[in-house]
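Worksheet: one structure, shown below.
The values are calculated or read from the model by the stated rules, or taken from the named source; none is laboratory data. None of the values given here were measured: they were computed from a predicted structure. Cβ sites come from the backbone with ideal geometry, for glycine too, and all protein chains shown count toward neighbours.
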Amino acid sequence: MKILALLHTQADGSLPKAAYETLTAATSLGQPFVVGVIGAGAAAAADAVAGCGAAEFLAVGDEAVSQPRYATDAAAAAALIQAAGPEIVLAPGTARFARCLPGVAHRVGAQVDTHIVALCGEGGAVHAQRWFYRQRILGSFSRAARPWMLLLDGGAQPAWQGASGAAHAKAVAVAFAAEDQRTAVTGIQAPAADAQTIRPDAALLFVAGAGWTKKQKDGQSHIGDAGALIQTFLRKTQASLGSSKSLVDIQSEGQETLSFMSHMNQVGQTGSTPRHPKGLATCCHGEEPHAVGWRFINERRAVNLDPNCGWAQGKADVVYVADAFEVMAKVNALLEAGGQ
Ligand SMILES: Cc1cc2nc3c(=O)[nH]c(=O)nc-3n(C[C@H](O)[C@H](O)[C@H](O)COP(=O)(O)OP(=O)(O)OC[C@H]3O[C@@H](n4cnc5c(N)ncnc54)[C@H](O)[C@@H]3O)c2cc1C
């Protein structure tokens, strides 16, 4: 069984973490594999993973693929697959590949599956796992069709670590048509680094709920204080910020709320299902439609005034029945004292 680990570089020529995770998956199948790299500095990126045990390295590093673009990425990926002739193609499920690889599958006559979280190889067969029905059912499946392309979810495998060296990547020629290059990336608009609150690689998920905006024991709401406490904590810990639906909905209803929150932060049934080793919910009730988004949070804690909140019904490992304003002020003070 021949496997192709199909990777792409980032704008600076390095491989994203998801690419190293895909390499781990490729090596774990115990079969010969080829590494194919697309993008700026592709051959040098192959050198960075020269020690992974691949039988061969292929690269498409043309100027045409120095920026992510459906038409040129699809042409490059199809050329690499044709050059390698694999039965199984493993690729990171990054935005760049999620956009172009389903189209590539059509071009090369492959079947494609996305959001793969685990792989195992037995004999000539490969079995993949992915979640269905909003992470409620874990399915294990296989396909007889070849080539079979699998896009792997980030964070589900450890990143490959090993020696760099001389990979002697073979440049694969791709005939890029002029019309494939009509679309150009003219610039990137991104929030400032400290305004970017969603951090998939953070060790901690910090969830804020609607309680932060509610009237407190003095009969007043303290949204300004809430915002300052949360932002200070995030700055000191670099935790990722999640939200309940109620909190982000308040904003769209035009009420005063935490300005740095958006629906992108929402965790839950109609939000995201992030992966972090630990999570801390504050002023959030822990209702099932929210808590279902915590499926991949290994250790869960919550701060809530209500001893009967959802977290206390078996959804958290530890519930602190306390005022989150007081708790977070104390935590921030301890972080400050600890020099963070
Ligand atoms: C189809 C459907 C899909 C949904 N999808 C999602 C989803 O994806 N994500 C999601 O989050 N919700 C979702 N919901 C909504 C969900 O059911 C809850 O309504 C929502 O999660 C409640 O948000 P909350 O806990 O922040 O607010 P509330 O229910 O208002 O809870 C606020 C909490 O703050 C506590 N509190 C107040 N002040 C303090 C204080 N000083 N210190 C400590 N605690 C304090 C209160 O005790 C209370 O428990 C969905 C609902 C439906 C019907």
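If you go through the range 168-202 and keep only what is basic (Lys, Arg) and surrounded by fewer than 13 Cβ atoms within 10 Å (Cβ to Cβ), you end up with just Arg182. In this structure, is Ala337 small (Gly, Ala, Ser) and modelled with pLDDT under 95? Yes.
Tell me the residue from Leu305, Leu335 that is more than 23 Å from Ser221 (Cβ to Cβ) and in contact (Cβ under 8 Å) with a residue 60 or more places away in the chain, please. Break it down stepwise before answering.
Numbers: Leu305 fails: more than 23 Å from Ser221 (Cβ to Cβ).
Just one listed residue meets the conditions, Leu335.
Among residues of the range 243-255 that are at pLDDT 75 or above and small (Gly, Ala, Ser), those with a beta-carbon under 8 Å from a residue that is in a helix (DSSP H, G or I) and within 6 Å of the ligand (Cβ to nearest atom) at least six positions away or on a different chain give the pairs Ser244/Ala210; Ser244/His290; Ser246/Ala210. Flag not set for Cys283, criterion: crowded, with 22+ Cβ neighbours inside 10 Å, without any contact (Cβ under 8 Å) to a residue 40 or more places away in the chain and either assigned by TED's automatic domain parsing to the domain that holds Trp212 or not β-branched (Val, Ile, Thr) (or both).
Looking at the range 213-232, is at least one residue within 13 Å of the ligand (Cβ to nearest atom) and assigned to a strand (DSSP E or B)? Show your work before the answer.
So the first thing to find is which residues in the range 213-232 are within 13 Å of the ligand (Cβ to nearest atom), and the list is 213-223, 225-226, 229-230.
Cutting the leftovers down to assigned to a strand (DSSP E or B) gives us none.
No: zero hits.
Residues in the range 29-42 that are modelled with pLDDT of 95 or more and either among the small types (Gly, Ala, Ser) or part of a helix (DSSP H, G or I) (or both): Gly36, Gly39, Ala40, Gly41, Ala42.
Is it true that some residue in the range 223-237 is of a type in the set (Lys, Arg) and under 25 Å from Ser14 (Cβ atoms)? Walk me through it before giving the result.
Pass one, the range 223-237, residues of a type in the set (Lys, Arg): 235-236.
Add one more test, that the residue is under 25 Å from Ser14 (Cβ atoms), and what stays is none.
Within the range 223-237 (the criterion being of a type in the set (Lys, Arg) and under 25 Å from Ser14 (Cβ atoms)), the answer is no, since none of the residues qualifies.
Scanning the range 233-260 for residues that are away from the ligand (no atom under 13 Å from the Cβ) and among the β-branched types (Val, Ile, Thr) yields a total of 1.
Of all the criteria given as (1) under 21 Å from His115 (Cβ atoms); (2) without any contact (Cβ under 8 Å) to a residue 40 or more places away in the chain, the one not satisfied by Arg295 is (2). Screening Leu205 with (1) assigned to a helix (DSSP H, G or I); (2) within 15 Å of the ligand (Cβ to nearest atom); (3) surrounded by 14 or more Cβ atoms within 10 Å (Cβ to Cβ) gives one miss only, at (1).
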